[in-house]
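Written below as structure tokens is the structure these notes are about.
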Amino acid sequence: MATFAYEARERDGKKQKGMIEAATQNAAIIELKKRGLIVLRVKEEKKTVLQMEIQIGKPVKPQEFVVFLRQFATLIRAGVGLVEAVHTLAAQTEKKQFRKVLEEIEADIRNGIQLSEAASRHPKVFEPLFISMVRAGEASGSMEIIFDRLAFFYEKSYYTKEKVKSAMAYPLVMLVLAIGVTVYLLTNVVPTFVGMFQSLNAELPAITKLVLNVSNSITYTWYIYIISGMILWVIFHIFATTEYGHKFLDYAKLKMPVFGRLFQKSSLARMSRTLSTLFASSVPILQALSIVEEVVDNKVIGDTLANARDSLRQGQPLSEPLKGSWVFPPLVTRMISIGEETGALETMLDKIADFYEAEVDNQVDKIKALIEPIMIVILAVLIGTIVLAIMIPMFDMYSHIK
């Protein structure tokens, strides 16, 4: 919502000045006229830095967006008009940023703008996939079906993403725990034995020397580790934003031990589900492939789809360029090829998506079962090394006393 300063006359000729909030200047004028005022001037007030709202995170969470889509489809199916449907959903939306977006869309629709165009003005909330499907629904007059398909697609995508996140979360938590325990022992426990070891006047074992050196390094030059970590993070971030860096990291993700297969299956599930949803909504295939390149969020798969799009322009089938890429298993390319031959490509893509979504579930369970003992062994080795470094000289000291 923008803020506008206005000048107007009341019916008795009295001048009135004030401020009004509206999505656009036209919306502000319409609102003033509804109040029975004769509008003389309306000008948008520029917000200062202090007046600007700070937005953290996305305007709407994925699960909230799915609920919005389901409710929108229900309202349209019940015969509620677009303007009234958007108004109703805006009124009951708890998140302030998303409510403002819906209010602006409502104002745009009232001014004669189509829903797809109004939504395209808010790219942080509505993806190209959403806009293309809504545009197809506007052309076909099947908005309730489109919103049901969108809700189903976003539900599946959200569930798959959460499964991948859950697989990554456990080893990360265990790794942080292992590092935390190790640092605590090196900075708080090991230094208490330094005086005792110095009083021995004996050659310390190599493992004890190593642990004492690491302990001293972390205790007295900890800031070097923090600065080094920050520098490495900045370098990594700059590298990741380059074209080559983005592609290299996406390639590395797919080739990672253990997790690589999970990322690959997750991306294939998302790609297949997106293409199927777009085809079902009568979005042209070339446009659908362009959208999927962005949605799949992997440069390696995106480049392969870009090649497939170029091949389609030359009259070749979709499956041909995919066969030449190691990212797409034979199962995927064969099913796409059969779908093209039989005219059931949408159905085949749905089957591929169902298969790989189930594979992601199975892969996550396997990773969790595999990672747990590995992380326990790593933690045991780290702590065990520190304990041994302390205990070996103590045993030597005990033997000398005895």
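What to note about this one:
- Test: residue in region 105-121 that is surrounded by fewer than 18 Cβ atoms within 10 Å (Cβ to Cβ), within 21 Å of Lys61 (Cβ to Cβ) and touching a residue at least 60 places away in the same chain (Cβ under 8 Å): no
- Any hit, region 215-228, residues being over 30 Å from Ile386 (Cβ atoms), exposed (fewer than 12 other Cβ atoms within 10 Å of the Cβ) and of a type in the set (Val, Ile, Thr): no
- Across region 309-355, the qualifying residues are those that are in contact with a Ser or Thr (Cβ under 7 Å, 6 or more places away or on another chain) and among the hydroxyl-bearing types (Ser, Thr, Tyr), and the one among them that is farthest from Lys255 (Cα to Cα) is Ser337.
- Some residue of region 117-129 being in contact with a Leu (Cβ under 9 Å, 6 or more places away or on another chain), assigned to a helix (DSSP H, G or I) and modelled with pLDDT under 90: yes
- Test result for Phe328, aromatic (Phe, Trp, Tyr) and outside any helix (DSSP H, G or I): yes
- On inspection, Ala206 qualifies as out of contact with any Gly (no Cβ under 9 Å at 6 or more places or on another chain), among the small types (Gly, Ala, Ser) and modelled with pLDDT of 85 or more.
- The single condition among (1) surrounded by 16 or more Cβ atoms within 10 Å (Cβ to Cβ); (2) farther than 24 Å from Val283 by Cβ; (3) touching a residue at least 24 places away in the same chain (Cβ under 8 Å) that Val83 does not meet is (1).
- Filter result for the condition that a residue is basic (Lys, Arg), surrounded by 13 or more Cβ atoms within 10 Å (Cβ to Cβ), free of Cβ contacts under 8 Å to residues at least 40 places away in the same chain and out of contact with any His (no Cβ under 9 Å at 6 or more places or on another chain), over Lys209, Lys165, Lys161: Lys209
- Residue within region 221-228 that is outside any helix (DSSP H, G or I), in the same structural domain as Val296 (by the TED database), farther than 22 Å from Val327 by Cβ and not acidic (Asp, Glu) present: yes
- Among the residues listed as Leu150, Leu186, Leu175, the single one being loosely packed, with under 15 Cβ neighbours inside 10 Å and out of contact with any Gly (no Cβ under 8 Å at 6 or more places or on another chain): Leu175
- Complete set of residues in region 144-176 that are among the aliphatic types (A, V, I, L, M) and either at pLDDT below 85 or within 30 Å of Ile378 (Cβ to Cβ) (or both): Val164, Ala167, Met168, Ala169, Leu172, Val173, Met174, Leu175, Val176
The values are calculated or read from the model by the stated rules, or taken from the named source; none is laboratory data. Remember, it's a predicted structure, so these values are computed and weren't measured experimentally. All Cβ positions, even for glycine, are placed from backbone atoms using ideal geometry, and neighbour counts span all protein chains on display.
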